[in-house]
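S.K.: Got a structure for you, written out below as structure tokens; questions coming shortly.
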Amino acid sequence: MRILNLTQGTPEWHAARAKYFTASEAPIMMGDSKRIKRTELLSLKFTGDEKEYSDWVQKNLFDKGHALEASARPIAESIIGEELYPATAVCDEDYLLASFDGITMDDRIIWEHKQWNEEKASTVQSGQCPVEDAFQVQQQLLVSGAEKCLYMVSDGTENRCVHLWLLPNEKDQQFILAGWQQFAEDLKNYQPEPKANEVVGQAPKTLPALHIEVKGMVTASNLQEFRNHASTVFKGISTDLDTDQDFADAEKTVKWCKEVEERLSAAKAHALSQTQSIDELFKTIDDISQEARGKRLQLEKQVKARKSEIREEIAMEAAKAMTDHIEQINQTLAGIVRMPAIPTNFAGVMKGKRTVASLRDAVNTELARAKIEANQIADKIRINLETLRTATAGYETLFSDTQALVLKDGDDLRAAITARIAEHREAEEKRKQEEEQLQEEAQRFGEQVDRDCERAQKSHIQPANPSISQVSSPSTRRRRPCDAVIIGTIATQFRVNESTVIEWLMDMDLQSASKALASNF
């Protein structure tokens, strides 16, 4: 950790924050912030507009909390039993930054203070750190190397003050590192979109007032001009729906068409109150009303259908981007193994989102989360492949299930390798002992055969060994040795391998051999 000689809140401090990935930005980067979206953070980092960035940070993260830290600090110091000092530091690799509300002189303990909030206070009282602050604290612990963090929610008084101790979580910290790595990649490929103004729907221009007077007959009316004007307006209504502006215009136009229908209905009712039915007048009014209604229903249907299409398009684009990302990782694994499927929930994160911009932000954040998870798994696979390469040298045939092995945690993989090699060595040792025992038995048996044959030749009598004598009584016959012993004995005698002996035995003419042995004795 390297302490920066900066005072929190100064322009120099804001400028330094703009150059690093900060702890307060970690929840935003991970998509857990309620205040700002991940895509907005990408835009701020891309533009490097220090003033705009600092204004947001100052307003949303610092001004509300700094005023209470001074009064809350003595409470924290009494809990810790040591003095606390505000500080700003960067990690040894010089790309992560953390600002500490307080840190002890020996850097063992840090303090993070949040303004009193009933929801946060309730979460702390349950023994949990609020989700939107968890990654911030873990990055602070990562940068500082501190043993623990005192996380506190208060209004600066002991009456409304709750706290808990948080320890470094290696899994969360690795997730943060992988998250910033993916964020840096997204920032490198970031293409800013034109800054969107607030979308306000626009309906067609107001139609002229419809004037009708009847006295038994139509005495005055601009109905035909009204109809011609209305038809022109209806034909000019766009039904192409792609942007948030298009949707806002369409929804406003739907309401406008409904108002036209209501006005025409009122005009018809007014005419009816003045005279008897006049077919031409009412038919014209009905035609215009029907045209307005038709356009309204068409737009309503298209709005619903196009919104569904856009949701599908956004989800499919994200799914393809995830597939491409996985394939890029697979190419780095040299065809030895492949990445497992990474679950995504693009449909789920789009629920409740009403604008195209919010849909894209939610899906892009979920895509980034899935890419981060994939990158972490890929890193683990690469480490495990190297472990397999070095730790299984000479025993590669024992580890044909590489695809399953590389997905294990490092400790579990090393334990599996050690156990599997130990079992193999034990089995090999047992096999060698059995082979040596068989060879010893075969050698002793062969030596006995040699001695029996030698005595038989000298005395011209049948040898005592039952394997080469013709025994007349079952009571004098010894137990027949097993096939392996016979084969092993012959192999030892003639110094050949067992397969050669088996070929000899298969080629033997046993009947001729029996007659030859009988004639010798």
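S.K.: Rounded, prolate or oblate: which fits the stretch 2-188, taking a ≥ b ≥ c as square roots of the Cα gyration tensor eigenvalues, rounded meaning a/c under 1.5, else prolate when a/b beats b/c? Each step should come with its number before you reach the end.
M.R.: On the way: a/c = 1.45, a/b = 1.45, b/c = 1.00.
Judged from the Cα gyration tensor, the stretch 2-188 comes out rounded (a/c under 1.5).
S.K.: Mind ranking 176-186, 393-403 by how tightly packed they are, going by the mean number of other C-beta atoms within 10 angstrom, highest first? Kindly include the intermediate steps, with their values, before the conclusion.
M.R.: Working: 176-186: 19.5, 393-403: 11.0.
Descending mean neighbour count gives 176-186, 393-403.
S.K.: Next question. Put +1 on the Cβ of each Lys and Arg and -1 on the Cβ of each Asp and Glu in the chain; which of Leu4, Ala18, His229 then has its Cα farthest toward the positive end of the dipole?
M.R.: Looking along the dipole axis, the top candidate is His229.
S.K.: Placing unit charges on C-beta atoms (Lys and Arg positive, Asp and Glu negative, everything else neutral), compute the dipole magnitude of the chain about its Cα centre in debye, rounded to 20.
M.R.: Values: 66 positive and 84 negative charges, 296 e Å.
Dipole of the chain, to the nearest 20 debye: 1420 debye.
S.K.: Checking understanding here: applying a Kyte-Doolittle mean of at least -1.0 and a length along the axis of at least 30 Å (C-alpha), which whole DSSP H helices in the chain pass? Please report the intermediate quantities before stating the final value.
M.R.: On the way: long enough: 244-272 (42 Å, -0.74); 279-332 (78 Å, -0.96); 356-391 (52 Å, -0.17); 410-459 (73 Å, -1.67).
Passing helices, by number: 244-272, 279-332, 356-391.
S.K.: Taking R0 as 41 Å, what FRET efficiency do you get between Glu309 and Ala220 from their Cβ-Cβ distance, rounded to the nearest 0.05? Walk me through the intermediate numbers first.
M.R.: Values: r = 48 Å, r/R0 = 1.18.
Computed FRET efficiency for Glu309 and Ala220: 0.25.
S.K.: Give, in nm to one decimal, the length gained when the segment between Arg263 and Ala347 is fully stretched (0.36 nm per residue of separation minus the Cα-Cα distance).
M.R.: Details: separation 84, 0.36 × 84 = 30.24 nm, distance 4.13 nm.
Stretched out fully, the Arg263 to Ala347 stretch lengthens by 26.1 nm.
S.K.: Oh, and also: Would you mind checking the pairs Lys235/Lys353; Lys255/Lys307; Lys258/Lys307 and listing those with alpha carbons more than 24 angstrom apart? Provide the component values of the computation, followed by the final result.
M.R.: Working: Lys235/Lys353 31 Å; Lys255/Lys307 18 Å; Lys258/Lys307 21 Å.
Those over the limit are Lys235/Lys353.
S.K.: Which of rounded, prolate, oblate describes the stretch 276-364, given a ≥ b ≥ c as roots of the alpha-carbon gyration tensor eigenvalues and a/c under 1.5 marking rounded, otherwise prolate only if a/b is larger than b/c? Walk me through the numbers before you get to the answer.
M.R.: Numbers: a/c = 6.79, a/b = 4.53, b/c = 1.50.
Judged from the Cα gyration tensor, the stretch 276-364 comes out prolate (a/c at least 1.5, a/b above b/c).
S.K.: Return the long-range amide H neighbours of Lys148 (sequence gap of 5 or more, or a different chain), with a cut-off of under 5 Å between placed amide H atoms.
M.R.: Sorted by chain and number, the residues that satisfy this are Ile110.
S.K.: Using a 10 Å cut-off on Cβ atoms, rank the peptides 360-367, 381-388 from the highest mean neighbour count down.
M.R.: Details: 360-367: 21.0, 381-388: 17.1.
Output ranking for 360-367, 381-388: 360-367, 381-388.
S.K.: Would you work out which of Gly410, His113, Phe100 lies farthest towards the positive end of the dipole of the chain, given +1 charges on the beta-carbon of Lys and Arg and -1 on that of Asp and Glu, about the Cα centre?
M.R.: Going by the charge dipole, the pick is Gly410.
S.K.: With a Cα-only, solvent-free Debye model of the chain, what are the log10 I(q)/I(0) values at q = 0.08, 0.12 Å⁻¹?
M.R.: Computed log10 I(q)/I(0) values: -0.78, -1.16.
S.K.: Given a Förster distance of 51 angstrom, what is the FRET efficiency for Asp240 paired with Leu4, based on the Cβ-Cβ distance and rounded to 0.05? It would help to have the intermediate numbers written out before the result.
M.R.: Working: r = 53 Å, r/R0 = 1.03.
The calculated FRET efficiency here is 0.45.
S.K.: Moving to a separate point now. Of the listed peptides 16-28, 347-359, what is their order by residue-averaged count of other C-beta atoms within 10 Å, with the highest listed first? Intermediate results must be reported in sequence, preceding the final value.
M.R.: Details: 16-28: 22.2, 347-359: 14.6.
Descending mean neighbour count gives 16-28, 347-359.
S.K.: Sticking with this one: Which value, in debye to the nearest 20, gives the size of the charge dipole of the stretch 2-188 about its Cα centre, when Lys and Arg are +1 and Asp and Glu are -1 at the Cβ?
M.R.: Working: 19 positive and 31 negative charges, 78 e Å.
That gives the stretch 2-188 a dipole magnitude of about 380 debye.
S.K.: Using helices alone, I'd like the mean residue ellipticity at 222 nm for the chain: each DSSP H run of four-plus residues gives -39500 (n - 2.57), total over residue count, nearest 500. Provide the component values of the computation, followed by the final result.
M.R.: Working: 18 runs with 313 residues, N = 521.
My calculation for the chain gives -20000 deg cm²/dmol from helical runs alone.
S.K.: List, in the order given, every pair from Lys148/Lys351; Lys188/Lys252; Lys120/Lys380; Lys19/Lys148; Lys320/Lys380 whose Cα-Cα distance in the structure shown is over 32 Å. Let's see the in-between values first.
M.R.: Details: Lys148/Lys351 38 Å; Lys188/Lys252 39 Å; Lys120/Lys380 35 Å; Lys19/Lys148 27 Å; Lys320/Lys380 24 Å.
Table pairs above 32 Å Cα-Cα are Lys148/Lys351; Lys188/Lys252; Lys120/Lys380.
S.K.: Assuming R0 = 56 Å, what is the FRET efficiency of Glu447 and Glu386, from their Cβ-Cβ distance, to the nearest 0.05? Intermediate results must be reported in sequence, preceding the final value.
M.R.: Working: r = 53 Å, r/R0 = 0.95.
Here the calculated transfer efficiency is 0.55.
S.K.: Using square roots of five times the C-alpha gyration tensor eigenvalues, list the equivalent-ellipsoid semi-axes of the stretch 212-319 in whole Å, biggest first.
M.R.: Working: eigenvalues 303, 25, 17 Å².
Each semi-axis is the square root of five times an eigenvalue, giving 39, 11, 9 Å.
Coordinate-derived values only; no laboratory data. Source: prediction; values computed, not measured. Quick reminder, even Gly has a Cβ in these numbers, built from the backbone with ideal geometry, and neighbours come from all protein chains shown.
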